[in-house]
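Read-outs: derived from the displayed coordinates by stated rules, not from any lab. Just so it is clear, the model here is predicted, and its values are computed rather than measured. Cβ sites come from the backbone with ideal geometry, for glycine too, and all protein chains shown count toward neighbours.
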Number of protein chains: 2
Amino acid sequence: MTTRKIRMTQQRRFILEELRRIRSHPSADEIYEKVRRRLPRISLGTVYRNLNILTECGMIQRLETGSAQRLFDGDPRAHYHLRCVVCGRVEDAPVEPIIAIEDALRELSDYEIIGHRLEFIGVCPHCNKRDDVERG
Amino acid sequence: MTTRKIRMTQQRRFILEELRRIRSHPSADEIYEKVRRRLPRISLGTVYRNLNILTECGMIQRLETGSAQRLFDGDPRAHYHLRCVVCGRVEDAPVEPIIAIEDALRELSDYEIIGHRLEFIGVCPHCNKRDDVERG
DNA sequence: TTATATGCAAATGATTTGCGTAGTC
DNA sequence: GACTACGCAAATCATTTGCATATAA
């Protein structure tokens with residue numbers, strides 16, 4: 001449990017800034033493209049390293065997706081997500097987290113429960129509209 | 001939307017059998033190792049192909065994990081999971097799914113909600129015991 | 001000053017795919 | 001017999017890592 005010293009480099013700051021500015025939940029590659037406009041010599045490896053460090057520090061969150069590619073969330077607070085099955089986009093769900101949801105399980109399981117993740121699955125308005133058109 | 005004909009090959013049947021027999025949620029590689037005992041010439045590619053086809057058919061489920069590796073679940077019914085943060089093991093959570101959980105969001109979101117996934121995070125009894133020992 | 005971080009490129013690891021052959025329906 | 005699936009090996013894709021150099025504290 002060595003406490004590591006974190007230096008605030010330009011790369012790290014820009015990555016964090018982009019992540020906080022964007023409402024969506026971008027992939028490492030999307031962040032790389034954004035930051036590259038301001039820091040043309042940054043490498044993709046550096047982006048990955050920083051995303052991992054910032055995740056470990058609890059300054060950002062890493063989202064699991066169905067595919068191999070992960071997404072990142074600049075908001076470190078507990079909140080739920082809403083995923084579009086058609087286009088894969090992930091947004092924050094406009095509901096507050098319900099911590100009480102863990103209580104029932106505490107009595108029924110021999111696990112020590114420390115949290116939960118809830119994700120809603122749906123079709124976003126954009127894809128919904130497009131589906132209508134395609135169906136005629 | 002071409003309806004594809006699915007043939008029940010030995011490989012496919014054995015994969016399905018293993019997945020249904022096992023209570024845990026194995027990776028493609030673990031399934032490969034199990035099936036290989038009965039079908040020594042099966043290839044890992046075939047295992048992946050079948051796991052994907054069975055997932056598309058809704059006969060099994062594919063689980064997202066924090067890492068790149070996916071896990072598979074022989075139970076196709078809607079149910080929640082319980083993940084150990086220490087060892088990564090995933091079990092079924094001993095609670096019934098609550099469909100009503102989606103209702104609140106239907107009014108608050110412009111997404112067409114079609115489902116949700118809930119995962120509890122905790123420490124399994126096995127890892128909990130080990131932690132105690134290590135802390136002394 | 002000195003440990004931490006970077007850029008680059010090569011390595012990794014899980015998963016997918018092309019192709020010729022085998023097996024199911 | 002026709003068409004799906006298989007085994008094998010090579011390809012792909014996201015992510016990680018080794019190393020020499022640069023930079024924040």
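Which residues, taken from the range B:26-41, are away from chain A (no Cβ under 14 Å) and more than 8 Å from DNA strand D (Cβ to nearest atom)?
Of the residues in the range B:26-41, the ones away from chain A (no Cβ under 14 Å) are B:26, B:29-41.
Within the range B:26-41, B:Pro26, B:Asp29, B:Glu30, B:Ile31, B:Tyr32, B:Glu33, B:Lys34, B:Val35, B:Arg36, B:Arg37, B:Arg38, B:Pro40 meet the criteria.
Here the range A:1-41 is the region considered, the condition is being exposed (fewer than 11 other Cβ atoms within 10 Å of the Cβ) and under 23 Å from A:His81 (Cα atoms), and the residue that is nearest to DNA strand C (Cβ to nearest atom) is A:Arg21.
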